[in-house]
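Here's the structure we're looking at; comments come further down.
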Amino acid sequence: MLAAAPPADDAAFMQQLRRFRNLAMARVAARALADVAPLDETLAEVSAIADACCAAALEQADRALSARFGVPRNGDGSPARMIVLGMGKLGGQELNFSSDIDLIFAFSENGTTAGATLPEAAIDNSEYFARLAKEVTRLLSSVTADGFVFRVDTLLRPFGSAGAAAISVEAMTQYYLLHGREWERYALIKARPCAGDIEAGLALLAELRPFVYRRYLDFGAIGSLRELKQLIDQEARKRGAEDDIKLGPGGIRELEFIVQLFQLTRGGQDARLRDPRLRPTLRHLGRTGLLPEATAQRLDECYVALRRCENAIQMFEDRQVHALPQDARARAALCAALDAGDWSALLAQLQEVRSFVHAEFERLFAVPVEAPEGGRLQLPATALWNAGPAEREAMLRDSGFLQRPRDLAAVIDELRGTRIVRALAERNVERLQRVVARVVEEALPHRDPETAALRALKLVAAIAGRPTYVALLHESAPACQQLVKLCAASPWVADLLVRTPALLDALLDGRLATEAPDRKALSELLRERAAGIAADDVEAVMELLRRYRQEMTLRIAAADLSGALPLVQVSDRLTWLAEAIVQQTLEFARTQLLPQFGQPPPSRLASAGFAVIAYGKFGSIEMGYGSDLDLVFVYDTDAPDEPTVGGARAIAIADYYARLVQRIVHLLTVQTGSGRAYEIDLQLRPSGNSGLVVSRLAGFAKYQHDSAWVWEHQALLRARTVAGNVGLCAAIALVRREVLMRERDPARLRDEVSGMRAKMRANLEKHAPGRWDVKQGRGGLIDAEFLTQYLCLLHAARHPSLIAYTDNWRQLEALAVESLLSEAHKEQLLAAERAYRGWLHRRALQQQDALAEDALFADARAVVAGLWQTYLGQEN
């Protein structure tokens, strides 16, 4: 331990500091080599030793300087403070055993010192802190009889060796704003206040965050990182660094670049990627699917192996080396430290590790093909871009676009002439040319290549002025290929991408067309992302909800279009997605109301609380891509007028839940630049549009028992709770059961159901010569659903299984099990519904209406119409 009161004499202080460092490092080495301490603990302990030594040196130097020159003051007279930023591995709390430490020194603001013994001894803060930085460096890095503490590197500071040793916070922020270079963004990822005014250091890094992390997805950083790595490789090759486990192929630096790639491209949108530590960031990449989880896990194992090896190399003689040793004695020591049988076995282990890291690095940083020469088009991107209209049309026709080459040529010409494109920098125009050529090339194998290319080029035109998205398609041939494939398959998906270019990010995931997240993944991933933003940041919350729905919908649609998901699983996932979003929105809304209104006080009532009931397709787990949410909100309490507690202003519990509903609806439905999360329909609440936005449980139950129409009970058949208090959800399910299991007069029920169906058809059925409405037409989907609902309501009083589920298909299954519907009739209805739903689903993806040719589904229509007459005793 350092002494509580360090000696005033520099020589004695430096001796004490070095002995402290040596003893502490010996303890770390012993624990690491005995395999008592895991890697993270070893790296964190070395970093903590460095932090403590920096803090002690700063205190010692500050004491001596202030005694001579006085205390530096801010403009308001308060003491000015030094900020010491640890960079690199020190910033990431991943310091090597024999590493130097990268430091940047800053101070609060300009001013002068005060309180010097002699008035003429007062100096400017800039001079004071420059002296202080140099003194700290000297105290740490000077070699004495006891060695040194840490070698100190300050070249990462603004302007490098030409810059001041210490710089004010204002000057530093201005530097990065005006002069900051790409490599300095990478360096600041690892920045962490390690000594001095820690709080001010954190505030400084918060100011610099927009420089480091762009608000948008920054795929332009890929090229910059690639260029930086090429420079590092060139330098490493000069030094013969093949055996260097830091800079050589598959070494630590390549692994760090893999993680930094995601931090730079996505850190502006995902706060969890701003962690200066590598391993937690890597785990986050796996959890969120940005890297395949198995890949992230393997990279983590590789990092541990490489860092353990690096530390063991450096522990041998306490030297900052990264190359595998040539000396037999050093090799034997390294094998012993790493539990390797012999040198050959150790080399084989390291080769396996480095091969995996290097392969993943090459996959992520592969240089994009500059132009499609040698591909299917056999023409360069610049020629396609710069040709005249007639020449471009001929080029496209010769390449295989035989139907509408003129249309395609005209779209490219129109894109070239837009004001946005004319204003682009030359480098961005070159990228755009290559993306256009690649899109055209990828469209050729499709059945209708012109349509595929035109839809994809519509997206390219939408992002032409946003270089980061153009960079994404330029950098990733698979993403461009996936874009064209999706555009060829569905204009709905193409329009979704045009409206929301940020979704292009999802095209980088190789699993996009083959896997869609399940219920658990949809919920967990949203919670993970929600944890990274402040709930009271309403704008960020709404952006998250909208972006999440769009991204997951795209993933589901891609798997759907590829044939990886059957229709029922598509509806399941779209419904689970809505559930996850509603549940998270409820949590956000509660948190946002908490400071102002607090929350309802504790209650002994088991059903006390709030719940959300899903109706319609949301309730029946049959959602489509454009489905809105039919919602009803219910609360329960034994004292609705009792005030809330814990907020700035107490309001009645009933008013609190009304405000909660308003906040939920607001978060989901407000139109932002990213659209709406969902359209919400509240018309199924008790008394419809004239009713309260949220009902107390007793009022909901009374309405359903005494006042609801039969059509509302039909709707209740498809209702289920999707969020809220467990006890209240159970109470609502009991109300549903009681209402649906009442005895009903068969004739009255038949007339009510038939009458409502006739009104719907009169108001909603669409007509066109030679075509019929698959949803609303006679014998169509709604008739099949009404028939099922009629039979369930008619027989539920004696057959509870009929209402156990909310979806139409399982209700039909229950009717057949109870012998209330013949097996043949059940299969006929199910077959008709599957055919109708599948057709409507495909039409929606093609942005086409619900009108089919008269001859289509003739048999299914006749079956449904016949069964209606059989069971309801009349034609519909």
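The values are calculated or read from the model by the stated rules, or taken from the named source; none is laboratory data. None of the values given here were measured: they were computed from a predicted structure. Note that each Cβ is placed from the backbone with ideal geometry, even for glycine, and that neighbours are counted across all protein chains shown. Please note that ligands, DNA and RNA were not included when accessible areas were found on the heavy atoms of the full protein model with its side chains. Shrake-Rupley method; radii C 1.70, N 1.55, O 1.52, S 1.80 Å.
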- Note on the structure: Tilt, helix 477-489 to longest principal axis of the chain (alpha-carbon atoms), in degrees rounded to tens, equals 10 degrees
- Note on the structure: In debye to the nearest 20, the charge dipole size for segment 125-175, taken about the Cα centre with +1 at each Lys and Arg Cβ and -1 at each Asp and Glu Cβ, equals 80 debye
- Query: Counting only DSSP beta bridges with both residues in the chain, what percent are antiparallel, rounded to the nearest 5?
  - Reply: 75 percent
- Whole-angstrom gap from segment 152-174 to segment 495-516, using each part's C-alpha centre: 41 Å
- Roughly how many percent of the accessible protein surface of the chain is carbon and sulfur, given a 1.4 Å probe and a whole-percent answer? 52 percent
- Message: Quick check: net charge around Gly770, other residues with Cβ under 12 Å of its Cβ, Lys/Arg +1 and Asp/Glu -1?
- Response: -1
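With the cut-off at 29 Å, tell me which of the pairs Lys229/Lys520; Lys520/Lys826; Lys520/Lys766; Lys617/Lys759; Lys190/Lys520 have Cα atoms farther apart than that. Spell out each step's value before the answer.
Values: Lys229/Lys520 39 Å; Lys520/Lys826 32 Å; Lys520/Lys766 39 Å; Lys617/Lys759 20 Å; Lys190/Lys520 33 Å.
Table pairs above 29 Å Cα-Cα are Lys229/Lys520; Lys520/Lys826; Lys520/Lys766; Lys190/Lys520.
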- Task: Once you have a ≥ b ≥ c as the square roots of the Cα gyration tensor eigenvalues for segment 596-707, tell me rounded if a/c is under 1.5, and otherwise prolate or oblate according to whether a/b is larger than b/c.
- Result: oblate
- Full extension between Leu231 and Asp706 adds, at 0.36 nm per residue less the Cα distance, a length in nm of 163.1 nm
- Message: Distance between the C-alpha centers of segment 43-74 and segment 292-369? Whole Å please.
- Response: 36 Å
- Item | Under the Karplus curve 6.51 cos²θ - 1.76 cosθ + 1.60, θ = phi - 60°, whole-Hz ³J(HN,Hα) for segment 428-441, x wherever Gly or Pro sits | 6, 5, 4, 4, 4, 4, 5, 5, 4, 4, 5, 4, 4, 4
- Task: For n ≥ 4 DSSP H runs only, could you compute -39500 (n - 2.57) per run for the chain, divide by its residues and tell me the 222 nm figure to the nearest 500?
- Result: -19000 deg cm²/dmol
- Task: Report, in debye and to the nearest 20, how large the dipole of the chain comes out about its Cα centre when Lys and Arg carry +1 and Asp and Glu carry -1 on their Cβ.
- Result: 800 debye
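Decide, for segment 785-876, between rounded, prolate and oblate: order the square roots of the alpha carbon gyration tensor eigenvalues as a ≥ b ≥ c, take rounded if a/c falls under 1.5, and otherwise choose prolate if a/b is larger than b/c, else oblate.
Numbers: a/c = 2.45, a/b = 1.65, b/c = 1.48.
Prolate, because a/c is 1.5 or more and a/b exceeds b/c.
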- Task: Measure nothing but the geometry: give the 0 to 90° angle between the long axis through the Cα atoms of 519-530 and the longest principal axis through the Cα atoms of the chain, rounded to 10°.
- Result: 50 degrees
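Leu631: net charge of surrounding residues, Cβ under 11 Å, Lys/Arg +1, Asp/Glu -1, itself excluded?
Numbers: positive: Arg685; negative: Asp628, Asp630, Glu679, Asp681.
Net local charge, Leu631 excluded: -3.
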- Using heavy-atom solvent-accessible surface (probe 1.4 Å) with all chains present, what is the largest-first order of Lys485, Lys190? Lys485, Lys190
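Mind listing which trypsin sites (Lys or Arg not before Pro) in segment 407-483 are in a DSSP loop and have 14 or fewer other Cβ atoms within 10 Å? Before the final figure, lay out each step's value.
Numbers: sites: Arg416, Arg419, Arg422, Arg427, Arg431, Arg434, Arg438, Arg447, Arg455, Lys458; in loops: Arg447.
Loop-located and lightly packed - Arg447.
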- Note on the structure: Between (1) 60, 32, 26; (2) 49, 31, 25; (3) 61, 37, 26, the structure-derived semi-axes √(5λ) of the Cα gyration tensor in Å is (3)
- Query: Whole-Hz Karplus ³J(HN,Hα) for segment 288-298, in order, using 6.51 cos²θ - 1.76 cosθ + 1.60 and θ = phi - 60°, x for Gly and Pro?
  - Reply: 8, x, 5, 10, x, 4, 5, 5, 4, 5, 5
- Query: When ligands, DNA and RNA are left out and all protein chains stay put, how many square angstrom of accessible area per residue does the chain have with a 1.4 Å probe?
  - Reply: 43 Å²
- Task: Compute the separation of the alpha-carbon centres of segment 654-719 and segment 87-146 and state it in Å as a whole number.
- Result: 63 Å
